Every structure is written in structure tokens, then in C-alpha cells.
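The values are calculated or read from the model by the stated rules, or taken from the named source; none is laboratory data. These numbers come from a predicted model, not from an experiment. Please note: Cβ atoms are built from the backbone with ideal geometry, for glycine as well, and neighbour counts cover all protein chains shown.
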């Protein structure tokens, strides 16, 4: 894709989103100026990318301004008969905000994530991915752990999942190694990173429930292999994710957790389970506020066609970067991305030094920042992934939670900065040692 085409693709996408905002709010976020502004910048692709970043934030601001109005006008405990109307046109009546009905979002679940053959599903929305997992573990403990300790096999490495499990007394959940034949509860991360990337290849059988964290793999991830691996005795699975990362067009409208309750055909317990999770959501105050629900009524949230296209572009850009680095670099470790060793995808690259030290990692960051400025690349320093543009940060976990690495999260946008970053890291990876790289990019 030539740089001009990448700018045009981003422009068309933002204008499409703006059109959907205008339909709901009656206001064009760009007032017809975006194409004109980009044209005045000629072939200055860096300036055009910056203008597109500004345009995305403008669109976000306009939508959130409209989305905040229902909450601004509503008490947390409304009077009888009070009705709140969110921008998408739906009306809400509630007694307490923490018991807010999420059905205007949950009803999108059938089209967003239809279940695999042989299973039925429902969606339950929470305030974050961690809130979803906390409620799920509470449900599991009450359903099966009242008389015995439940064994939990965690096939993955996400540190907050481990921390949440560690917060439970050992008489409730007992961690066991994922190489066991079976466990009461199995938690699966299809792709995970503890400094190096890996893809889960096998699971223990799940005696009661399989939990699948799909935050890094998106809604298109085929759950069938994991459901099959869990065994015939397991008739309940819950796929959960943070919906902040890949589901909001990179605009981060609100934190949200998405739980998909999957029940094997014939088990006939789905409504009971989803009802219990919604009850726990209210009791634990882990549902969305009216402000958050209104923000997430955006028409592109849980729009499967849009999300699939968005996620595919992020995965493609990170694959290209990973292959530019390769797995035989004398400078960088061999496992920066799962695509180098499998068919799996991920929304960022985890770049480790073969000969690591704190001073070398700091110097590595200096070189990246230096070359970003010299080459005129749009690369923000910051955390997380799934944005329209590109981000990087140095991750330095506690010693027992993984190894340091530079997270380079390629975003949705192709073009000048995307290709320039690929060229930069291909050059860095080719040096015979970190010392040679350091000398070449003198201070």
C-alpha cells in the first residue's frame, strides 16, 4: 500500500465513523474540513498522520460529549418514571445505577459472536475484563466449591489473572500445572506473553468449566478447538475479554468487559448461569455506569464486521514488523511474535535483547526515540495496544512475573510510519551485537 492510499483509507474510515456519529447526534464532528485539511498538507505524510490522529480524538470528543448528557441529567437513584435516553436512541429506566440493565449492548451479542456448532451462548457485560473474571470466579466458587477445593490450571501468563487467583484462599482455588490431565477449572489464553510470546498448544480436560481469555486474539478466534480439548464432560465455557483494546476503533470510549457464556446443546442451564452472573454484577457493582453504557452505545462497538476489519489490520501490521525483525537476529530474541513460530496472531511485538541488562534496555529506548525523530515517524510512548496509531513502552515486570521487553504495538494505520518502523527495526535486528548497534547510533 502506497502512503497516499494509507492516508485515504484512514480518512474514509474516520469519515464513515463520523457519519454514524452524525446520524445519532445530528452533528458532523469534522464539519466537512478533514479532506480539505489533508489536501493542504500535500505529500507531508507525517503531518497527515498527525492530522488524522487529531481527527480521531475530535470524533471521540464529539461522541463522548453527546454520550455524557443522559448521565449528566440523571441521578444515580432516579425518581420513579425518570427515563434516560442514550445517543443510539434506546431508553433506560432503572432504580439504582449499579443494577443498570445492559441489554442494549448484550443484545448485540448474537451477531457479534455467534456460538460454535453444538453450543448456545449469551453475552454478559461488565465494567472491565478483570471485573468479568472476578465475577466468573465468584460464580464458579459458589457453584462447585462449597464442599471442596477446586483445582485450577492456568494455560497462560497474564499477571493479573494470576494475581486474581492468588487473592482467593487456597481452600477455594488450588493452582495446578497446566500439563495435568484434567482440572476442575481450566483457564486458557490462546496466545500469551511473559516477555516472550507463545501460543497454547494443549489444554487439560475441564471437569466443570473452561474459561477462555480472548483479549489478545479478538472475537474471530475459533473457540472450537478449545471446547473440544476441554472434553465431553465439560458443558460450560465462558470466553471473556477486555473490550477496551480491539473493539472500539482505537478510541477508548470506556472500559468494558465482555463475557460470552457458552453452554453445550441440551445442557439447558444457560439462562440460570447468565442470570447468576448478572446478579453478581449488581451485588459487586461491576456493571457499567450510565455514562459508560451511553458511551458504548456507539454503533461501531460490538459491530462484528467493523471489528473484524479493524483487528485484521492490526494483526497484519504486527506480523509485518515481526517478520522484519525475524527470529535469528544477533541483537533481539527469537520470540517477539507468535507468527514467527505458529499461525497465531497478536496485537503487539515483544522485543527482548539477547544480552539483556537494565542499562542496555534504557539505551535501546533512547535509540528508538532518536530514530523516531530523525526519520519523522509517528510513534507514541505509552502503554496498551489496539490503537489507530503505533505505541511503544519498556515493560519491566517484577522478577517472578516475566522478563523485560520493549512492547511495540503497531496500530491500525498502514503507510509512512508503519513501513518506516519496519525498516528501522529490520536495520536494528541486522547488527552483529548490541555493542555494534550502540556504536552505530552514537549518542
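With respect to residue 285, is the statement that it is surrounded by fewer than 18 Cβ atoms within 10 Å (Cβ to Cβ) and either under 21 Å from the mean Cα position of the chain (by Cα) or not assigned by TED's automatic domain parsing to the domain that holds residue 415 (or both) true? First the steps, then the outcome.
On the way: surrounded by fewer than 18 Cβ atoms within 10 Å (Cβ to Cβ): yes; either under 21 Å from the mean Cα position of the chain (by Cα) or not assigned by TED's automatic domain parsing to the domain that holds residue 415 (or both): yes.
Considered against the rule, which asks whether it is surrounded by fewer than 18 Cβ atoms within 10 Å (Cβ to Cβ) and either under 21 Å from the mean Cα position of the chain (by Cα) or not assigned by TED's automatic domain parsing to the domain that holds residue 415 (or both), residue 285 comes out as yes.
Filter the range 410-437 down to the residues that are touching a residue at least 40 places away in the same chain (Cβ under 8 Å) and surrounded by fewer than 17 Cβ atoms within 10 Å (Cβ to Cβ), then identify the one that is farthest from residue 381 (Cα to Cα).
Selected residue: 432.
So which of 135, 143, 111, 117 ends up being part of a helix (DSSP H, G or I), touching a residue at least 60 places away in the same chain (Cβ under 8 Å) and out of contact with any strand residue (DSSP E or B) (no Cβ under 8 Å at 6 or more places or on another chain)?
On the way: 135 fails: out of contact with any strand residue (DSSP E or B) (no Cβ under 8 Å at 6 or more places or on another chain); 143 fails: out of contact with any strand residue (DSSP E or B) (no Cβ under 8 Å at 6 or more places or on another chain); 117 fails: part of a helix (DSSP H, G or I).
Going through 135, 143, 111, 117 in turn, just one is part of a helix (DSSP H, G or I), touching a residue at least 60 places away in the same chain (Cβ under 8 Å) and out of contact with any strand residue (DSSP E or B) (no Cβ under 8 Å at 6 or more places or on another chain): 111.
I'd like the full set of residues that are crowded, with 16+ Cβ neighbours inside 10 Å, under 25 Å from the mean Cα position of the chain (by Cα) and free of Cβ contacts under 8 Å to residues at least 24 places away in the same chain, limited to the range 14-50.
The one that is crowded, with 16+ Cβ neighbours inside 10 Å, under 25 Å from the mean Cα position of the chain (by Cα) and free of Cβ contacts under 8 Å to residues at least 24 places away in the same chain: 15.
Working carefully through the options 66, 55, find the one that is modelled with pLDDT under 95 and in a helix (DSSP H, G or I).
On the way: 55 fails: modelled with pLDDT under 95.
Every option except 66 fails the conditions.
Taking the range 243-288, which residues are within 30 Å of residue 11 (Cα to Cα) and touching a strand residue (DSSP E or B) at 6+ places or on another chain (Cβ under 8 Å)?
Listed by number, the residues that qualify are 243, 247, 255, 256, 257, 258.
Taking the range 179-206 on its own, how many of its residues are under 18 Å from residue 400 (Cα atoms) and part of a loop (DSSP other than H, G, I, E, B)?
Let us first name the residues in the range 179-206 that are under 18 Å from residue 400 (Cα atoms), namely 192-198.
Still in the running and part of a loop (DSSP other than H, G, I, E, B): 194-196.
Of the residues in the range 179-206, 3 are under 18 Å from residue 400 (Cα atoms) and part of a loop (DSSP other than H, G, I, E, B).
Would you confirm, using the coordinates I've provided, whether residue 244 is in contact (Cβ under 8 Å) with a residue 40 or more places away in the chain, within 22 Å of residue 309 (Cβ to Cβ) and in contact with a helix residue (DSSP H, G or I) (Cβ under 6 Å, 6 or more places away or on another chain)?
Details: in contact (Cβ under 8 Å) with a residue 40 or more places away in the chain: yes; within 22 Å of residue 309 (Cβ to Cβ): yes; in contact with a helix residue (DSSP H, G or I) (Cβ under 6 Å, 6 or more places away or on another chain): no.
Considered against the rule, which asks whether it is in contact (Cβ under 8 Å) with a residue 40 or more places away in the chain, within 22 Å of residue 309 (Cβ to Cβ) and in contact with a helix residue (DSSP H, G or I) (Cβ under 6 Å, 6 or more places away or on another chain), residue 244 comes out as no.
Kindly state which strands (runs of 3 or more DSSP E) lie completely within the range 364-443 and contain at least 1 residues that are in contact with a helix residue (DSSP H, G or I) (Cβ under 8 Å, 6 or more places away or on another chain), at pLDDT 95 or above and under 16 Å from residue 45 (Cα atoms).
Ranges flagged: 379-381, 390-395.
Does residue 222 satisfy the criteria of being surrounded by 19 or more Cβ atoms within 10 Å (Cβ to Cβ), in contact (Cβ under 8 Å) with a residue 40 or more places away in the chain and either outside the structural domain of residue 386 (by TED's automatic domain parsing) or at positive phi (or both)?
Considered against the rule, which asks whether it is surrounded by 19 or more Cβ atoms within 10 Å (Cβ to Cβ), in contact (Cβ under 8 Å) with a residue 40 or more places away in the chain and either outside the structural domain of residue 386 (by TED's automatic domain parsing) or at positive phi (or both), residue 222 comes out as no.
Which numbered condition in (1) touching a residue at least 24 places away in the same chain (Cβ under 8 Å); (2) closer than 18 Å to residue 206 by Cβ; (3) part of a loop (DSSP other than H, G, I, E, B) is the only one that residue 87 fails?
Failed condition: (2).
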